[in-house]
Amino acid sequence: MTSDDALSVLNSAKRAWNGGMGIWPQLSLKRRIEAIELFFDELVKTKREDIIQVLMWDIGKNRNDAEAEFDRTVSFAQQVIQAIRSPANADLHGGWTVTGATNAFVRRAAIGIILCLGPFNYPINETYATLIPALLMGSGREKMPPLMKTGHIDGLAFIGRASAADALIKEPPNPHRLKIFLQLEGKNMAIFLSDIFHEKNEETLNRALDETVAGTLSFNGQRCTALKIIFVPKHHTQQFLAKFIAKVEALRVGLPWQTFKNDRTYSQITPLPTEQRIAYMKELIEDATYKGTSIVNENGGKIIGGERSTLMIPAILFPVDETMDLYHHEQFGPLVPIVPYDSIETVSSYGRDGIYGQQCSIFTTEEGSDIAVNLLDQFSSVFGKININSQCGRSPDTLPFSGRRSSAMGVMSVTDALKEFSVPTVVAYKNDGVSEKAMHKIEAKSQFLAKL
């Protein structure tokens, strides 16, 4: 899409918004919900397979993951609508309250025209996760960055890299008017405590390793919530590596639609979307190996399929330390750095001093609870979510998805997203007889005050 195309779309949104008096924002909340429900009914009936195919061919997502992204997007929209209708969320669907002599109706209403920019890795789910709440609250929407300079964008919903977000935020002529929602990078830690390696905890360790493999390498590690660095007690690294390497080497590597004869599972490791991503993976590997690490799994980092292929076998790198770029930078790809540690202070300081603050995962048993509780309390002021014995993730969508530092600005969930793209709007009157009678007539005809 060219800049001219984007400006043409913006003009359409401006006409629909019309300073808050256009067709869409002036519809009742009930009718906006009906329109969104009709849209998704049609999308499921006519476009599901088309979208799944695009996800597989365009970004290399395997079929199971592509189906899951589409279905989760539909489910998210349904949950958002259910949240609006729920009696527990009166601030969303609106209601009357009385304070002293004042009667007040409070309902959240639109901000304006929202620029929604989703990432390449979840182009449907992440885009619609901001787009649908914005639309339901009555906002217009746009999807191209050249529009920021026009001054007609009231809100930015951006999911991607912090550097791109910084550039966009600087463009509006009146930055103070811009409502900002950002979900950005993370360098999420997986922290293994010593107790989980005791012989009696073998089953727990295996479950933790399965969570870690999925957390590091689902969709090739191309998720903001992926586990990006693993901390293992130094005296347990060989035990960890033997089991972890075996699990990684068992992953299916191939094309997104490819299945395997013995169990008909789809490829678990698929091509990266661009040659630039491969170049960045190689750059991180070269820096780390030059500074003393090794690739410890068979064929780790190897490219399959020819000179211009983007299908990379995952690379497990050990030992990784603070001198290496991979220790600090988000790889967003199939590289798994393992950091051996002698002191838990190494783990604490990494969380404390890092530039990101999205999530972490702590793997332990009740025997390690004293160390785990200290980490939990310390990290409660660092990360948006602390996972115990499970990988990092956004789901379930009913929970807040937040972050600190360079990882987020704003909160994503079924209900929080609605609040991010709306403002409480109040209609109030005094109990003086005349106002009550007038308000009774107004309420009977108002679209804004209409009941669901």
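The values are calculated or read from the model by the stated rules, or taken from the named source; none is laboratory data. The shown structure was predicted, so the numbers you read here are calculated from the model rather than taken from an experiment. Virtual Cβ from ideal backbone geometry, glycine too; neighbours counted across all protein chains shown. SASA here: full protein model, heavy atoms, side chains in, ligands and nucleic acids out. Shrake-Rupley method; radii C 1.70, N 1.55, O 1.52, S 1.80 Å.
Filtered by the rule that a residue be at negative phi and either in contact with a Lys or Arg (Cβ under 6 Å, 6 or more places away or on another chain) or in a loop (DSSP other than H, G, I, E, B) (or both), region 426-452 gives Asn431, Asp432, Ser446, Gln447, Phe448, Leu449, Ala450, Lys451, Leu452. Val54 falls short on exactly one of the conditions (1) in a strand (DSSP E or B); (2) open to solvent by 60 Å² or more (accessible area, probe 1.4 Å); (3) within 28 Å of Leu10 (Cα to Cα), and that condition is (1). Based on this model, can you work out whether Arg107 counts as in contact (Cβ under 8 Å) with a residue 60 or more places away in the chain, among the charged types (D, E, K, R) and touching a His at 6+ places or on another chain (Cβ under 8 Å)? So Arg107 fits the description; yes. Filtered by the rule that a residue be under 25 Å from the mean Cα position of the chain (by Cα) and either crowded, with 20+ Cβ neighbours inside 10 Å or of a type in the set (Ser, Thr, Tyr) (or both), region 417-434 gives Ala417, Leu418, Glu420, Phe421, Ser422.
Thr212 meets the stated requirement of being closer than 26 Å to Phe332 by Cα, in a helix (DSSP H, G or I) and open to solvent by less than 10 Å² (accessible area, probe 1.4 Å).
Each residue in region 357-389 was checked for being open to solvent by less than 30 Å² (accessible area, probe 1.4 Å), part of a helix (DSSP H, G or I) and of a type in the set (A, V, I, L, M), and 2 of them qualify. Within region 33-50, being open to solvent by 20 Å² or more (accessible area, probe 1.4 Å), touching a residue at least 12 places away in the same chain (Cβ under 8 Å) and within 29 Å of Ala110 (Cα to Cα) holds for Glu37, Leu43, Val44. Applying the condition of being modelled with pLDDT under 85 and in a helix (DSSP H, G or I) to region 139-163 and asking which residue is farthest from the chain's Cα centre (by Cα) yields Pro146. Of all residue pairs spaced 6 or more apart or on separate chains, those with beta-carbon atoms under 9 Å, a first member in region 203-218 that is closer than 21 Å to Met312 by Cα and a second member that is in a helix (DSSP H, G or I) and open to solvent by 30 Å² or more (accessible area, probe 1.4 Å) are Asp210/Lys247; Thr212/Lys247; Val213/Lys247; Ser218/Asp65. For region 304-356, a tally of residues being assigned to a loop (DSSP other than H, G, I, E, B), polar (S, T, N, Q) and touching a strand residue (DSSP E or B) at 6+ places or on another chain (Cβ under 8 Å) returns 3. Taken over region 171-199, residues that are within 23 Å of Glu330 (Cα to Cα) and open to solvent by 40 Å² or more (accessible area, probe 1.4 Å) amount to 0. Would you mind telling me which numbered condition in (1) open to solvent by less than 60 Å² (accessible area, probe 1.4 Å); (2) free of Cβ contacts under 8 Å to residues at least 24 places away in the same chain Pro319 fails? So Pro319 meets the others, but not (2).
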